[in-house]
Amino acid sequence: MNALPPRLNRKEAKVHIDGKTRLIGILGDPVAHSLSPRMQNAAFQAAGLNFCYVPLRVKQKQLPAAVEGLRAMQFRGANVTIPHKVPAAELLDCLDRSAARTGAVNTIVNDAGKLTGYNTDGAGFIAALAEAVSVEFPSATAVILGAGGAARSVAVALAEKGVPRIAIINRTLAKARGLKALLKLEFPDIEAVAVGLKEKCDDLIISSKLLVNATSLGMDGDLKRLPVAVDKLTEGHIVCDLVYGGPGDTALLAAAREKGATLMGGLGMLLHQGAASFKLWTSAQPPIEVMRKALESQ
């Protein structure tokens, strides 16, 4: 008998698969690092549901075929992660308000061949932030690093909470301006700022309460690749890094901790967006503490 793959323990291998198992996937590239399979399969098992969640690495040019494959193979649904959240929104039969407003999808539900896109990232971010710290949103300005699907979701969620100013810093200025335009369209009174990676943004950092990294930069621990000067952080800042990896802080959070800032890691958002997705697929209440324990036991 072949040995189990590395990092797969025998308890996790007890997922029962038969002809009635409902399949859920996660579409992304890369996707091998994702903790969603561990979290969701633990939730399905705890809830007594015959579901199985599998990672599906999908290249960008293969995304249309992969989405159609969900329909053809009768998957119940899927999560969508980097870099597919925005293009996936154009490939589905319909979008709910959360996905239509952000232009990004992180959850797909298949109802008898009809694919509907949802976005649970924004609500997941707000729920995770509430667990970490109390925020007076109408007086808390924000800086968001990135302009992709996760950044869109966070920006819209913060705007819905009444944050009066959001600055978007992105490697590609055109994408930052696109997110700025989206915010101004949906929230005409908001002050939205778009800044390119090479522009100086120290003043924006200093004058903001929230700093959110919604990029994959820093995932490898290289703080130099982050588009901000962390020495501008103070104990008055709330620093959120949506990147998650091994145990301990990311490079950004470690630097922010040294400055005395309040921290929020990526596992909280992963937990709460995943719980919302679970409910969409199953119509059952998600076993939050089981999901949390699965993430914490990595």
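Please treat every number below as a calculation from the coordinates, not as lab data. This structure is a prediction, so every number in the text was calculated from the model and none was measured. With ideal geometry, Cβ positions are generated from the backbone for all residues, glycine too; neighbour counts draw on all protein chains shown.
Which whole-Hz ³J(HN,Hα) couplings does the range 70-80 yield from phi under the Karplus relation 6.51 cos²θ - 1.76 cosθ + 1.60, θ = phi - 60°, glycine and proline marked x?
4, 6, 5, 8, 6, 4, 6, x, 6, 9, 10
Could you give the size of the charge dipole of the chain about its Cα centre, using +1 on the Cβ of each K and R and -1 on the Cβ of each D and E, expressed in debye and rounded to the nearest 20?
Its charge dipole is roughly 700 debye.
Assuming R0 = 25 Å, what is the FRET efficiency of residue 18 and residue 131, from their Cβ-Cβ distance, to the nearest 0.05?
The computed FRET efficiency comes out at 0.10.
Rounded to the nearest 0.05, what FRET efficiency do residue 181 and residue 202 have when you use their Cβ-Cβ distance and R0 = 35 Å?
The calculated FRET efficiency here is 0.90.
Which distance in nm do the two modelled labels at residue 82 and residue 283 give, with both placed 7 Å along the Cα-to-Cβ direction?
Modelled inter-label distance: 3.6 nm.
What list of ³J(HN,Hα) couplings, whole Hz, do you get for the range 207-215 from phi and the Karplus terms 6.51, -1.76, 1.60, once you set θ to phi - 60° and write x for glycine and proline?
8, 10, 8, 10, 10, 10, 8, 10, 10
Just going by the charge dipole of the chain, with Lys and Arg at +1 and Asp and Glu at -1 on Cβ, which of 106, 210, 126 is farthest out on the positive end?
Result: 106, furthest along the dipole toward the positive end.
How large is the charge dipole for the range 122-264, taken about the Cα centre, if only the Cβ atoms of Lys, Arg (+1) and Asp, Glu (-1) carry charge, to the nearest 20 debye?
I would put it at about 480 debye.
Using modelled amide H (1.01 Å from N, peptide plane; none on Pro or chain starts), what sits under 5 Å from the amide H of residue 25, excluding residues fewer than 5 places away?
So residue 25 has HN proximity to 54, 77, 78, 79.
Taking amide hydrogens as modeled 1.01 Å from N in the peptide plane, which residues meet the under 5 Å criterion relative to residue 107, leaving out close sequence neighbours?
The list, which skips near neighbours in sequence, is 80, 118, 120.
What ³J(HN,Hα) values, in whole Hz, does the Karplus curve 6.51 cos²θ - 1.76 cosθ + 1.60 give for the range 255-269 when θ = phi - 60°, with x put for Gly and Pro?
Those phi angles translate into 5, 5, 4, 4, 8, x, 6, 7, 10, 9, x, x, 5, x, 5 Hz.
Have a look at 115, 195, 43 and report the one farthest towards the positive end of the charge dipole of the chain, computed about the Cα centre with Cβ charges (Lys/Arg +1, Asp/Glu -1).
Projecting each Cα onto the dipole axis, the largest value belongs to 115.
Taking amide H positions as placed in the peptide plane 1.01 Å from N, state which residues far from residue 141 in sequence (5 or more) or on other chains have amide H under 5 Å from it.
Distant-sequence amide H within range of residue 141: 209, 210.
Quickly estimate the mean residue ellipticity at 222 nm for the chain, helices only: each DSSP H run with n ≥ 4 gives -39500 (n - 2.57), and the total goes over all residues, rounded to 500.
-10500 deg cm²/dmol
Relative to the first principal axis of the alpha-carbon coordinates of the chain, what is the inclination of helix 149-160, with its axis defined by its Cα atoms, in degrees from 0 to 90 and to the nearest 10?
With rounding to tens, the tilt is 60 degrees.
Could you pull out the pairs from 161/209; 161/279; 85/209; 59/200; 114/175; 161/184 whose alpha carbons sit more than 25 Å apart here?
85/209; 59/200; 114/175
Quote the FRET efficiency, to the nearest 0.05, computed for residue 160 versus residue 257 with a Förster distance R0 of 22 Å and r equal to the Cβ-Cβ distance.
Once rounded, the FRET efficiency stands at 0.15.
Pick out, in residue order, every one of the trypsin sites (Lys or Arg not before Pro) in the range 16-71 that is DSSP loop and has at most 16 other C-beta atoms within 10 Å; say none if there are none.
The qualifying sites are 20, 59.
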